[in-house]
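Enquirer: Here you go, one structure.
The values are calculated or read from the model by the stated rules, or taken from the named source; none is laboratory data. Not measured: the values here are computed from a predicted model. Note: ideal-geometry Cβ built from the backbone for every residue, glycine included; neighbour counts use all protein chains shown. These area figures cover heavy atoms from the full protein model, side chains too; ligands, DNA and RNA do not enter into them. Shrake-Rupley method; radii C 1.70, N 1.55, O 1.52, S 1.80 Å.
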Amino acid sequence: MSWGCELWDQFDGLEKHTHWGLEFLDRFAKFVKERAEIEAGYAKQLRNLVKKFQPKRNSKDEEEYKFSSSRAFLAVLSELSDYAGQREVVAECILGVVEAELSQHSQKLRAERKAYIHEGRKAQQHLEACFKCLESSKKRFERDCKEADRTLQCFQKLDHDINATKADVEKANNHQLLRKAQMQESKGDYAGEMQRFNQEQKSHYYTLMPSVFQKLQVVEERRIGHVGEGIKQFADVERRVLPIVGKCLDGMTRAADAINSGNDSQLVVEMLKSGFECPTDVPFEDYSEVVGKDWSDGGSGSGNGATLRSGTLSQSIRVDPRIDPRTTLSRSRSRFWPFMKKSKTFCEDQSHLPPEQRRKKLLQSIEEIKRHIQKEVDQKDALIKMKDVYIKNPQMGDPASLEAKFAELGFEIDKLRLNLQKHETWLAEANGQVQGKSEIPRRLSGIYVQPNPDISRGSNGPHAHERSSPDGSYTDEAGADTPLDFDDEFDDDSQAVGTCRVVYSFDSLDDGTLTVVEGHVLEVLEKDRGDGWTRVRRDSSEGYVPTSYLEYIPEDPTHGASSPDQTETIIKTTMTYI
């Protein structure tokens, strides 16, 4: 149905209705905007919630995430984070598409409605002006008719009056004829105005206003269509994220299905198992047997008697020297472990932990050390490739500039591998497979010497070397007196197998090592056999020096061993103990 035909006389009503329609569109757009803000806030709160319960790196709670229930919770947090991302997508689509389009449509419709309302108002004003002209001509015609009637009556009265003069009668006749002529003129004007008004009124109600009403109807129908499209887009935004939201929920369900109570219970056993045997019965120790003994042999004083009794008691509980004290200590710890005060002191060999836990900690440390070793080896391989590039293309760099880095990496790899050996020894002890002393190289004796890269060459600082033993029992504290296990005797007639130059000064640690100064050229009596030490001779003194402190001087096949001045390229080899 057309507004132009059915609502020809409801211009004011249509104006109010279309105004309400645009206000409704703006209200719906505001609703969509606030919904987007709620979605954005909801997503932000979800992200904060996930961040709050997300485990921190290197935290003490990492152990608990080994359980399947804890891993399921982590999966839920991950899926919830993805779900929050979808809520953000919903908020962005609603705010950037639906609300933006609604606001744009509202502005256009308001402008069109304003133009059509102005057109209708203008048509109404024109019709009202025509009607005013008609009313004015009508009143003038009515006034002229009354004047013409009055003058006609005056003329007739004078015409019948015998006392009236001919001049008065003629004057009255002329006056009434003039009024009659004016009446006829007003009548014509009134008829013309009426005809023109009727035409304008017909055009107004059958042409102009129906057109305006039809345009307003189109605007209103477009407004209603935009509301419907907005609601549809509003729902489509939700529908588009439903598959991903469903995947998030499916992920949570899979995480819940992956929870295994039996495996978690077994994991508790593996984490907390001490490795000790169940304590046996506590034996009765009868100290009454020594009461009263040896008093006959004691002196007269009570102090002497107390001394004798104390000595007898000590002798009665003396430990059998044939029993291994470590076995006795282990059994004692096993017997009283549940009642012992847990030590808070951290030991590098993890000896403060129960056997089973110690073994696991050592395994973890070994794996970490191996990763570090592989990292350093990869860096060294990269440096070797870079050095080859520098040798082939000298303009790209000086190969000698990489020597310091080679030395630093060699020292670090040596240190890591020695640390690996210590941990493997501790692991063997934890597994009940303690290596004997014969399995450890005699010359190394657990001493690792490392130059300080920060000290300038040719100087000996207070921290020029560090020492540590594979079993962790040796420290470099002041006053420590741990003898080296080098060979006690050297053959005086040992023949030199080569020469080397001292790169870093080294102070003798104990018997068997040799103090050397940077720049000295030494004779090599025995090359490194894989333990990190080289046997050298300086004048009549012999001893061991860390291989990483030396640079071997290659031999000239024509003139024998090269002197330091004749050597231009020095190859430094870092021997590692595996």
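Enquirer: Looking at segment 9-23, I want the residues that are loosely packed, with under 11 Cβ neighbours inside 10 Å and have a partner that is not in a helix (DSSP H, G or I) with Cβ atoms under 8 Å, at least 6 apart or on another chain. Which pairs are those?
Expert: So the pair list comes out as G13/L7.
Enquirer: I've got another one for you. Look at segment 101-134 and say how many of its residues are in contact with a Phe, Trp or Tyr (Cβ under 9 Å, 6 or more places away or on another chain) and surrounded by fewer than 14 Cβ atoms within 10 Å (Cβ to Cβ).
Expert: Result for segment 101-134: 1.
Enquirer: Considering segment 137-175 alone, what residues qualify as being outside any helix (DSSP H, G or I) and either small (G, A, S) or surrounded by 13 or more Cβ atoms within 10 Å (Cβ to Cβ) (or both)?
Expert: Within segment 137-175, just A164 meets the criteria.
Enquirer: If the requirement is being among the small types (G, A, S) and modelled with pLDDT of 85 or more, which of these qualifies: G519, G458?
Expert: G519
Enquirer: Quick check on F276: is it in a loop (DSSP other than H, G, I, E, B) and open to solvent by less than 60 Å² (accessible area, probe 1.4 Å)?
Expert: yes
Enquirer: Given the conditions (1) open to solvent by less than 50 Å² (accessible area, probe 1.4 Å); (2) touching a helix residue (DSSP H, G or I) at 6+ places or on another chain (Cβ under 7 Å); (3) at pLDDT 50 or above, which single one is not true for T312?
Expert: Going through the list (1) open to solvent by less than 50 Å² (accessible area, probe 1.4 Å); (2) touching a helix residue (DSSP H, G or I) at 6+ places or on another chain (Cβ under 7 Å); (3) at pLDDT 50 or above, T312 breaks only (3).
Enquirer: Of all residues in segment 518-539, which are under 54 Å from the mean Cα position of the chain (by Cα), within 14 Å of V503 (Cβ to Cβ) and open to solvent by less than 20 Å² (accessible area, probe 1.4 Å)?
Expert: The answer is T534, and nothing else.
Enquirer: Specify the residue that is least open to solvent (accessible area, probe 1.4 Å); the eligible residues are those in segment 225-273 that are hydrophobic (A, V, I, L, M, F, W, C) and over 33 Å from the mean Cα position of the chain (by Cα).
Expert: Among residues in segment 225-273 that are hydrophobic (A, V, I, L, M, F, W, C) and over 33 Å from the mean Cα position of the chain (by Cα), the one least open to solvent (accessible area, probe 1.4 Å) is V227.
Residues are listed down the side, and each one gets a yes or a no for (1) touching a Leu at 6+ places or on another chain (Cβ under 8 Å); (2) free of Cβ contacts under 8 Å to residues at least 60 places away in the same chain; (3) open to solvent by less than 60 Å² (accessible area, probe 1.4 Å):
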residue	(1), (2), (3)
M386	yes, yes, no
L402	yes, yes, yes
L418	no, no, yes
A428	no, yes, yes
